[in-house]
Amino acid sequence: MAKNKKNDEPPPSRAFRAPDSGGRDGTGDFDIDIDITTIATDAMPIGPQSRDEAEAALTELGERLAVRQEMLYAQGTAGDPRRVLLVLQGMDTAGKDGVINHVVGLVDPAGISLVSFKKPTAEELAHDFLWRIERQVPRPGRLGVFNRSQYEDVLVVRVHDLVPEAVWSARYAQINDFERRLVDDHTTIVKCFLHVSRAEQTERLLARLDDPTKYWKYNPGDVDERGYWDAYQRAYGAAIGRCSTDAAPWYVIPADRKWYRNWAVAALLLEAFESLDLRYPDAAFDVAQERRRVRGS
């Protein structure tokens, strides 16, 4: 479990877990939306309370993450079926790419499977919405990262009425079933909603326009999507409320402070890794004999 600033602080998995999401078995027999607008986007419920503290803490977390990720990768080569999947969702500018750079970038890229889900292709649209997701599930021993995910099909699809309500409303239960199958297949899922305020998004979009080196990050379509802000907040509230289960809970990460956002996701990820009780695999050969052979070669 990740170390916290104070001994009496709750672990990240409790501090950031989505509200009203405890005790659910993921059967899809519930219909509970949450109001994410009541959750502060600049909260710091645990951990570092300043940028300097967060950056120092992130360095320490990174060292511990790197060791455990290497253990997972090593055990995967020895036949261990376990894997970890980090799911990142959030409004534009919430920091999905930032988390990938500053948190996932702390570990060995050789053991990472990173997928950024874009607008579905014609081939993908010809299949069930989970088809393209299932094809990208990380192999055993890997840390998989989904930049956007299966939830796009109950977010942008819902907001823009791309399919009938009867279709997208049935997907919450389908997603829960899919995630339960992943967990049963030795996958630890860490789902993070990067919760940014509209005001902070404004500042981040303007910052991209103020810096010629950031023009490539700016998408005029992001401004169009701001017109659907309230609809997206409702869609996220539904996705989080209906798909935060005991097997695969949702975590709401305050994302107005980039440095706190990065620390929080790293702390959650480390806690997930430490829960696996990983170790390096034993040698599959006689160590003493191989030492003699090396010296005599």
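The values are calculated or read from the model by the stated rules, or taken from the named source; none is laboratory data. Computed from a prediction, not measured in an experiment: that's the story for all the values here. Methodologically, a virtual Cβ is constructed for each residue, glycine included, from the backbone with ideal geometry; neighbour enumeration extends over all protein chains shown. Just so you know, the surface numbers come from the protein's heavy atoms only, side chains and all, with ligands and any DNA or RNA stripped out. Shrake-Rupley method; radii C 1.70, N 1.55, O 1.52, S 1.80 Å.
For the stretch 112-155, taking the residues that are of a type in the set (Val, Ile, Thr) and out of contact with any Phe, Trp or Tyr (no Cβ under 6 Å at 6 or more places or on another chain), the one that is most open to solvent (accessible area, probe 1.4 Å) is identified as Thr121.
Right, Leu209: within 23 Å of Pro254 (Cα to Cα), more than 19 Å from the chain's Cα centre (by Cα), at pLDDT 95 or above and part of a helix (DSSP H, G or I) or not? No. Checking each residue in the stretch 35-86 for being surrounded by fewer than 16 Cβ atoms within 10 Å (Cβ to Cβ), part of a helix (DSSP H, G or I), of a type in the set (A, V, I, L, M) and touching a residue at least 12 places away in the same chain (Cβ under 8 Å) picks out only Ala66. Tell me which residues, restricted to the stretch 179-205, are free of Cβ contacts under 8 Å to residues at least 60 places away in the same chain and either closer than 23 Å to Leu72 by Cα or among the β-branched types (Val, Ile, Thr) (or both). Result: Arg181, Asp184, Thr202. The one condition from (1) at positive phi; (2) in contact with a strand residue (DSSP E or B) (Cβ under 8 Å, 6 or more places away or on another chain) that Asp277 does not meet is (2). The residues of the stretch 176-206 that are in a strand (DSSP E or B), out of contact with any Ser or Thr (no Cβ under 8 Å at 6 or more places or on another chain) and among the hydroxyl-bearing types (Ser, Thr, Tyr) amount to a single one, Thr187. Take the conditions of a type in the set (D, E, K, R) and not in a helix (DSSP H, G or I) and apply them to Arg293. Does it pass? Here the answer is no, as Arg293 does not meet what is asked. Only a single item in (1) at pLDDT 95 or above; (2) open to solvent by 10 Å² or more (accessible area, probe 1.4 Å) is not met by Asp246, and it is number (1). Within the stretch 237-244, does at least one residue satisfy the condition of being polar (S, T, N, Q), more than 15 Å from Asp92 (Cβ to Cβ), in a loop (DSSP other than H, G, I, E, B) and within 15 Å of the chain's Cα centre (by Cα)? So far as the stretch 237-244 goes, yes, one or more of its residues are polar (S, T, N, Q), more than 15 Å from Asp92 (Cβ to Cβ), in a loop (DSSP other than H, G, I, E, B) and within 15 Å of the chain's Cα centre (by Cα).
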